[in-house]
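What follows is calculated from the coordinates using simple rules that are stated; it is not laboratory data. Please read these numbers as outputs of a predicted model, since none were measured by experiment. Using ideal geometry, Cβ is built from the backbone for each residue, glycine included, and neighbour counts are taken over all protein chains shown.
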Amino acid sequence: MLAYILRRLWQMVPTLLGVMLLVFIVFNWVGGDPSYILAGKRLSPETLANIRTHLGLDKSMPEQFLLFVQQVLHFDFGPSWSTQQPVGGILAARVGPSLMLTGSLLVVELLTALPIAILVAYYRGKLVDRAVTIACTVAMSISSLVYIIVGQYVLAYKAGWFPVQGWDDDSILGAWLFYIPLPLLLGLAVSLAPSVRFYRSFVVEELNQDYVRTARAKGLSERVMLFKHVLRNALIPVVTAVTSSLPFLVLGSMLLERFFGIPGMGNELLLAVDKSDFPVIKAITITIAISTMVFNLLADVLYKWIDPRVELK
Amino acid sequence: MIKKSLLLVALLVSAAGSLQAADMNKVLHVAYVAPENGFDPAKTTDLYSSGISENIFDTLVTYDYLARPLKLVPNVIEAMPEISADGKVYTFHLRKGIYFSDDPVFKGKKRELTADDVVYSMKRLADPKVNSPSAYLVTDNIEGLHDYAKSLGGKPFDYDKVLPGVRALDRYTAQVRITAPNSSFIYILGQIHIAMVAREVMEAYAENTMAHPVGTGPYMLKEWKPGNKIVLEANPNFRHFELTSDGSGQGVDAEIASYLKGKALPLVGRIEVSIMEEEQPRWLSFVNQQLDLTSVPFSAVSRVLRPDPAHPGRSKLMAEWEKKGIRLQQELMPEITYYYFGMTDPVVGGYTKDRIALRRAIGMSLDRMRAIRDLRKGQAVPMQNVIPRNFPGNDPNFHGAWEYDPAMANALLDEAGYRIGADGFRTQPDGSPLEIEMATSPTAVDRQWNEAWQEAFDKIRIRLRFKVAKWNELYKASTEGKLQLWGSAWTADYPGADNFLQLLYGPNSGQTNHTFFKNDEYDELFRKSLLLPDGPERNAIYDRMNRIVVGLSPWIFGDVRVGNYLSNPYVRGYKQHPILITTWRYLDLQK
């Protein structure tokens, strides 16, 4: 197991290098020159040259890439090009609110989608299954923006059950109890339907396995069969889905954060792309790339724990 | 008894020591529609950062809050500067007893604003290490600053070196010598980028001046979450300041003047600025009174405003909002929007009759009134003059725009030799294919304008191609003279006509003159206009310059948008200012 983990960690190095190269090429190709954003209304060659020197854009491409590698090694991406604040500090302040929203959403979504999926899978082909399937299809065909706009208007403005937007900087609990519920609810409305459909398919697949028929023939109770055997086997794809979504929790939810004034990472990324703020883009992309690799490794280790038949090579 | 007396004396002393009148329990909530960059006035040029800096820092002169036409008044100086007979030397006498807000750098001592701060702040703008995008404000105007900054060649700027262009005569007197008389230089002194900063603060926080603004203004920065939230608190060291102007003495002006009379400003102790880029949360927060001020979101115009058919661009609030006591102020924005042709381009540029005809025909093909009705939702008026309405030098009777007339446009093109080929589209006079490329950004609004332009080009049988790219990429191409046709806008830095006319001044090509327009007579008139004060002689020059522009048609005149500013019923003292970005120091909340 340890040898496997070490090997996987070693393999991350070339992958990360590939990601860095890709990010660097894409930014320089389509990202646009930020000097022109920073130069203000009146552009002079001197101003432009000063800005380019200041940002290090006057260096050759290999030199700029080398600097990027050094930044990743030290995990210090320097100051933001637009606000000149240290990128590390910006991201550290943003990650908490994002995790509060997306972490809560993941837990609530699992706790609701999984039981519904098991229920409808158990009654597959019956009225309840068909009704849920139709409801999910309808729900999935509506844009997430519609949920957010209508939800904010009806539940916050018209009904007054939630604040329209905002955040409590002084109290995590206050923010979580007061400002998270509505975006959480709307996030759940967006993600519940596809998750139910997704998880249902795994449970249905397991219910069609021979061992289920054998278990029933042996007289095993439906509850034991469902929760001890079927659910455990169905959990492997669920774990894959959940662990692969974990790195993106850090990224937050761009739309929800933007509409509800949550000072999270998603909104920060949007701002950075808008302003061609490469240090922030680099930091977020590399963080996501590293966490994706780490969580993929974690998923593989979890498979082994859930199903001892799985062999890690 | 003695104890009580001592207590009373102590209370009186402490009350006298604190000049602040602001009620710290009053919190003004406002929203920005786009994020700020930071609060070093020399380093930022965006509207949102400058709006905050306006409240933290002071400029030598500022605008009378209520007066229209706009009027400059002394801010931290005793009177307007003394200007020498040759118009080149400006002398400022600072008011005594103006203090910076407290900061650890001052080591617990009160730090007074002096003439050295004025000199330092102007020199700092020219320091290549500061890398100020507003450096031109001083290097283009103040004697010796450009040459000294250029001579440094990477060496540090010596702030102690006495430069003849800007110097302190004594503790409270500063003098500036400009390279040539310029009637608009006084406006430059009112720009926030040239605001007074303290040298020791800038040096102590040299690595992060954006997050450490320390000024003499009415507020100070309490909290900053970049791109999300900014909190200001009243500066306890702020000088005694009252509104002395009556404006027009009528309507809103009279109401504000009467309400604020004798009150020390600011009245609101805390300002919370949230960044809300989406229109819906901004609007709902305003009607829920979570925001005190806002502007009418574009998507809500038809639900909030009733257009006045008799007065284009004027509207009233719908009854639903009027009943809530919400107040509307409409103000023409201090801007122009236009489409420009690249004058060095081989297809659309140049000064020959056929090219002028082509540009005019394209201008005549767009139905501007329809665009204003449909795309601006009626919230704009046509631009008729390079100088926007309400600005000194604008002749309201001058109609410089080519009005919508596709038949005339086609006739012009026929006459100029742009014949319609077998494929139904026009060719160039020499028979080569004619296709015009219009630059545009990938936004929903731009796509709507593109449709209007496609329709316009179809009417005059000219092929149109769109070059879609991010704004900064187009801007780069624009400064290099590589675009054929692009929509642009200019917002006033100050209420001077030259601020707009310089957009077509030849020597500014590639800087602000992206059309690369060059006309010797225009350039000469521009230089001449700078020497003249406001008056008929200068207006005659402006008129001639406008006629040159209309005659050679490097631009298609667009429109001037109307700003619809709303305040909740409990907000007092509010009047939108065309140049000042914020008016928070004059506001009160009576909830």
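Which value, in debye to the nearest 20, describes the size of the charge dipole of chain B about its Cα centre when Lys and Arg Cβ atoms bear +1, Asp and Glu Cβ atoms bear -1, and nothing else is charged? Computed charge dipole of chain B: roughly 1180 debye. Here the range B:335-562 is described by how far its Cα atoms reach on the three principal axes: 57, 37, 34 Å, from widest to narrowest.
Between B:Gln379 and any residue 5 or more places off or on another chain, the built amide H atoms are never under 5 Å apart.
Along the Cα-to-C-beta direction of A:Phe198, a point sits 7 Å from the Cα; which residues of the range A:84-123 have their amide N less than 20 Å from that point? Under cut-off, by backbone N: A:98-122. Based on every Cα atom in chain A, Rg and the maximum pairwise Cα distance Dmax equal 23.9, 85 Å. Each of A:Trp167, B:Trp321 was scored by other Cβ atoms within 10 Å of its Cβ. Arranged with the fewest first, they read B:Trp321, A:Trp167.
Shown is the FRET efficiency for B:Glu455 and B:Lys71, computed with R0 = 45 Å from the Cβ-Cβ distance and rounded to the nearest 0.05: 0.50. Taking every residue in A:29-41 and counting other chain Cβ atoms within 10 Å of its Cβ, the average works out to 6. Averaging 1/r over each pair of different alpha-carbon atoms in the protein assembly as shown and inverting the result gives 31.3 Å, the Kirkwood hydrodynamic radius.
If R0 is 35 Å, the Cβ-Cβ spacing of B:Arg171 and B:Glu279 corresponds to a FRET efficiency of close to 0.10.
Suppose we look only past 19 Å in the calculated P(r) of the range B:202-354. What percent of the Cα-Cα pairs does that tail hold? Value for the range B:202-354 (Cα pairs over 19 Å): 74 percent. When B:Val296, B:Val287 are sorted by how many other C-beta atoms sit within 10 angstrom of their C-beta, beginning with the fewest, the order is B:Val287, B:Val296.
Computed extension length for B:Tyr259-B:Arg465: 68.5 nm, one decimal, from 0.36 nm per residue of separation with the Cα-Cα distance subtracted.
Using a cut-off of 32 Å between Cα atoms, the listed pairs A:Lys158/B:Lys591; B:Lys353/B:Lys482; B:Lys43/B:Lys377 include B:Lys43/B:Lys377 as exceeding that distance. Mean projected area of the Cα convex hull of the range B:97-157, taken over all directions, amounts to 5.3 nm². Modelled this way, with points 7 Å down the Cα-to-C-beta line, the labels at A:Asp168 and A:Thr240 are 4.1 nm from one another.
Residue separation of B:Leu47 and B:Gln329 scaled by 0.36 nm, minus their Cα-Cα distance, works out to 99.5 nm of gained length. Using the Cβ-Cβ distance between A:Thr133 and B:Glu82 with R0 set to 60 Å, the FRET efficiency from 1/(1 + (r/R0)^6) comes to roughly 0.10. Using the Karplus relation 6.51 cos²θ - 1.76 cosθ + 1.60 with θ = phi - 60°, the per-residue 3J(HN,Hα) values for the range B:63-71 come to 9, 4, 4, 9, 5, 9, x, 4, 9 Hz, with x marking Gly and Pro. Electrostatic tally near B:Pro133: other residues with Cβ closer than 9 Å to its Cβ, Lys and Arg +1, Asp and Glu -1, net +3. Only alpha carbons enter this Debye calculation for the range A:169-313, each as an equal point scatterer, and the log10 of I(q)/I(0) it gives at q = 0.10, 0.15 Å⁻¹ is -0.54, -0.96. Under 5 Å from the amide H of B:Asp58 lie the amide H atoms of B:Met196, B:Thr216, B:Gly217, each residue being 5 or more positions distant or on a separate chain, with H modelled from the backbone and absent for Pro and chain starts.
Working note: Cα atoms of the range A:1-153, range along each principal axis, descending, whole Å: 73, 53, 28. Using θ = phi - 60° in the Karplus curve 6.51 cos²θ - 1.76 cosθ + 1.60, the 3J(HN,Hα) couplings for the range B:430-436 round to 8, x, 6, x, 10, 9, 10 Hz; x is entered for Gly and Pro.
Working from the pairwise distances between different alpha carbons, so that the mean of 1/r is found and then inverted, what is the range A:2-74's Kirkwood radius in Å? Hydrodynamic radius (Kirkwood, Cα pairs) of the range A:2-74 is 14.6 Å. Calculate the mean, over all residues of peptide B:25-34, of how many other protein chain Cβ atoms lie within 10 angstrom of the residue's Cβ. For this peptide, the per-residue mean of nearby foreign Cβ atoms is 1. Go through B:Lys155/B:Lys222; A:Lys275/B:Lys110; B:Lys88/B:Lys150 and tell me which ones have a Cα-Cα distance over 28 Å in this structure. Flagged as over cut-off: B:Lys155/B:Lys222; A:Lys275/B:Lys110. Computed over the range B:461-591, the alpha-carbon pair-distance distribution with 5 angstrom bins reads 2, 8, 14, 15, 15, 13, 11, 9, 7, 4, 2, 0, 0, each value a whole percent.
Charge tally for A:Phe259 (other residues, Cβ to Cβ under 11 Å; Lys, Arg +1; Asp, Glu -1): -2.
All other residues whose Cβ lies under 9 angstrom from that of B:Phe298 are scored, Lys and Arg at +1 and Asp and Glu at -1, for a net of +1. Sorting A:Arg223, A:Arg197, B:Arg68, B:Arg303 from the fewest to the most surrounding beta carbons within 10 angstrom yields A:Arg223, B:Arg303, B:Arg68, A:Arg197. Modelled label positions at A:Leu2 and B:Val162, each set 7 Å beyond Cα in the direction of Cβ, lie 7.6 nm from each other.
This model, with +1 at the C-beta of Lys and Arg and -1 at the C-beta of Asp and Glu, gives the range A:8-71 a dipole about its Cα centre of some 140 debye.
Would you mind checking the range B:71-86 for residues with the amide N under 19 Å from a putative spin-label position 7 Å along Cα→C-beta of B:Lys96? Counting backbone N atoms under 19 Å from the label point, the list is B:75-80. Restricted to Cα atoms, chain B shows a radius of gyration and a Dmax of 26.1, 107 angstrom.
Straight Cα distances below 13 angstrom link B:Lys123 to the aspartates and glutamates B:Asp140, B:Glu143, B:Asp147, B:Asp158, B:Asp160, with same-chain residues fewer than 8 positions distant left out.
Distance from the C-alpha centroid of the range B:375-417 to that of the range B:191-219: 44 Å, rounded to the whole angstrom. Springs between Cα atoms under 10 Å define the GNM used for chain A, and in it the highest mean-square fluctuation of A:Ile37, A:Ile148, A:Ile116 occurs at A:Ile37.
Name the trypsin sites (Lys or Arg not before Pro) in the range A:84-190 that are in a loop by DSSP and that have at most 13 other C-beta atoms within 10 Å, would you? Passing sites in the range A:84-190 are A:Lys126.
Computed about the Cα centre, the dipole magnitude for the range B:435-591 is approximately 440 debye when only Lys and Arg (+1) and Asp and Glu (-1) carry charge, each at its Cβ.
Approximating the spin labels as points 7 Å out from Cα along Cα→Cβ, the A:Ser221-to-B:Ala300 distance works out to 5.8 nm.
Under a 5 Å amide H cut-off, with hydrogens placed 1.01 Å from N, B:Tyr99 pairs with B:Leu113, B:Arg239 among residues at least 5 apart or on other chains.
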